[in-house]
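Everything below concerns the one structure shown next.
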Amino acid sequence: MANAAKVAGALFFVAASQFVIGLIVSEAIYPGYSVSANYISDLGVGASSMIFNSSIFLLGFLVLIGAYFLQRVFNFKFLTLLLVLTALGAMGVGVFTENSGRIHWVVSLITFLFGGLSSVTSFRLLKQPFSVIAVILGLMSLGALGLFGSHIYLGLGVGGMERMIAYPILMWGAGYGGYLLAYSQGLDVKKAQ
């Protein structure tokens with residue numbers, strides 16, 4: 001079980017970390033890109049498309065594999081389902097760019113919604129204080145998703161508000177990966193009830 005936890009933790013940590021780096025590089029090479037005025041998915045077309053699309057697809061692929069190993073450790077089917085949906089959504093974003101029309105909107109929504117719900121749901125496997133942090137990050141993401149869907153951007157612009165959805169999920173993913181790596185080293189971790 002410890003080895004499966006170590007694999008899941010490493011996969012989640014690498015998934016989130018490589019995507020953050022890919023996002024930063026994509027923003028830097030996209031001519032005139034604005035984190036406030038541009039959607040994140042604008043990076044999936046043009047000069048940054050190869051980096052962004054491969055990075056978000058890899059994010060989803062690594063989370064998908066990580067969900068398999070997490071299920072082997074905790075047998076928490078609901079969280080596994082949420083992670084699988086998040087992963088498939090992220091992979092879909094990498095395949096169906098914003099030029100793909102409605103399907104891009106659907107896979108983006110799936111990624112954001114189920115990513116936030118994964119963060120909140122993971123509290124059942126975590127000890128404090130990280131269980132509380134996971135819930136807060138998930139609720140921040142879901143709240144930002146609600147505002148984004150209502151076209152309320154709080155002065156951040158569409159890109160800024162979209163990042164308020166994505167960043168808490170990515171922080172949780174990297175943190176959860178680290179938590180699972182610690183678990184694999186023999187630290188006591190709470191089992192789902």
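The values are calculated or read from the model by the stated rules, or taken from the named source; none is laboratory data. Nothing here was measured: the structure is a model prediction, and the numbers come from that model. Every residue, glycine among them, receives a Cβ derived from its backbone with ideal geometry; neighbour counts consider all protein chains shown.
Key figures for this structure:
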read-out: Residue in segment 96-113 that is of a type in the set (A, V, I, L, M) and in contact (Cβ under 8 Å) with a residue 60 or more places away in the chain present; value: no
read-out: Helices (runs of 4 or more DSSP H) within segment 1-118 that include 1 or more residues of a type in the set (F, W, Y) and surrounded by 15 or more Cβ atoms within 10 Å (Cβ to Cβ); value: 2-29, 49-74
read-out: Selection count, segment 119-161, where residues are assigned to a loop (DSSP other than H, G, I, E, B), crowded, with 16+ Cβ neighbours inside 10 Å and either of a type in the set (S, T, N, Q) or in contact (Cβ under 8 Å) with a residue 40 or more places away in the chain (or both); value: 2
read-out: Number of the exception - Y30 against (1) under 24 Å from Y153 (Cα atoms); (2) aromatic (F, W, Y); (3) in contact (Cβ under 8 Å) with a residue 60 or more places away in the chain; value: (3)
read-out: Residue in segment 80-99 that is modelled with pLDDT under 95 and out of contact with any Gly (no Cβ under 7 Å at 6 or more places or on another chain) present; value: yes
read-out: So Y183, is it among the hydroxyl-bearing types (S, T, Y), at pLDDT 95 or above, buried (at least 19 other Cβ atoms within 10 Å of the Cβ) and closer than 18 Å to F69 by Cα; value: no
